[in-house]
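Data block below; observations after.
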Amino acid sequence: ETLEHVNAPVCFLSDAACWLRRGGLLYITTPNLRGLNGRILGLSWSVVSPPEHIVLWTVPALRSAVAKAGLRVFRVRTEGFNPSEALALVRRRKEENLVDRNKSAVALSEALSRTRARRALKTAINGGLNILRLGDTLKVWARRIG
């Protein structure tokens with residue numbers, strides 16, 4: 001959750017690649033602009049918050065930046081959906097538009113982790129979000145190639 005804050009992300013990734021040995025792994029997480037919340041909320045999504053978040057990523061854009069930095073992507077996942085902001089928008093309650101995205105995400109994760117059945121549900125939901133590339137978090141595993 002750093003790359004969206006960086007002015008020159010390809011340079012940042014290139015510098016990170018230099019610190020890796022050949023075949024070394026770089027793991028990146030960043031908000032997915034094309035996730036469910038990005039699609040539902042658009043510019044109202046709290047992640048769209050310049051100047052805090054400078055660049056918001058899609059799967060193809062991040063793949064391209066990683067390749068330009070001399071890394072090879074070998075795994076991509078999109079996971080997670082926090083419905084709190086979308087629900088506030090649907091309900092059209094202005095006081096709910098001030099939802100604390102991070103606090104509500106922690107509460108949701110804790111609720112879905114309490115029992116084996118809930119953990120299985122969370123895994124299934126994340127699997128579906130990944131297949132459809134609709135998860136709000138974009139996760140990339142890349143290796144240094146040179």
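Where a number appears in this text, it was derived from the coordinates with a stated rule and is not lab data. These figures come from a predicted structure and were not determined experimentally. All Cβ positions, even for glycine, are placed from backbone atoms using ideal geometry, and neighbour counts span all protein chains on display.
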Nearest 0.05, what FRET efficiency do Arg75 and Glu52 give at R0 = 30 Å with Cβ-Cβ as r?
0.60
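Test of understanding: what is the full-extension gain from Arg21 to Glu110, defined as 0.36 nm times their sequence separation minus their Cα-Cα distance?
Taking Arg21 through Glu110 to full extension adds about 28.4 nm, to one decimal.
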DSSP-assigned coil residues among chymotrypsin sites (Phe, Trp or Tyr not before Pro) in the range 71-141, each with at most 12 further Cβ atoms within 10 Å:
none
Kirkwood Rh and Cα Rg combined as Rg over Rh, evaluated for the chain:
1.01
Kirkwood Rh and Cα Rg combined as Rg/Rh, the range 1-52:
1.09
Between the alpha-carbon centers of the range 1-59 and the range 99-115, tell me the distance in whole angstrom.
22
Across the range 11-17, in residue order, what do the Karplus-derived ³J(HN,Hα) couplings come to in whole Hz, using 6.51 cos²θ - 1.76 cosθ + 1.60 with θ = phi - 60° and x for Gly and Pro?
5, 4, 5, 4, 5, 4, 4
Calculate I(q)/I(0) for the range 71-146 by the Debye formula, one identical point scatterer on each C-alpha and no solvent, and give its log10 at q = 0.26 Å⁻¹ to two decimals.
-1.15
Would you mind calculating the relative contact order of the range 13-146 from Cα pairs under 8 angstrom and at least 6 residues apart, reporting the percent as a whole number?
46
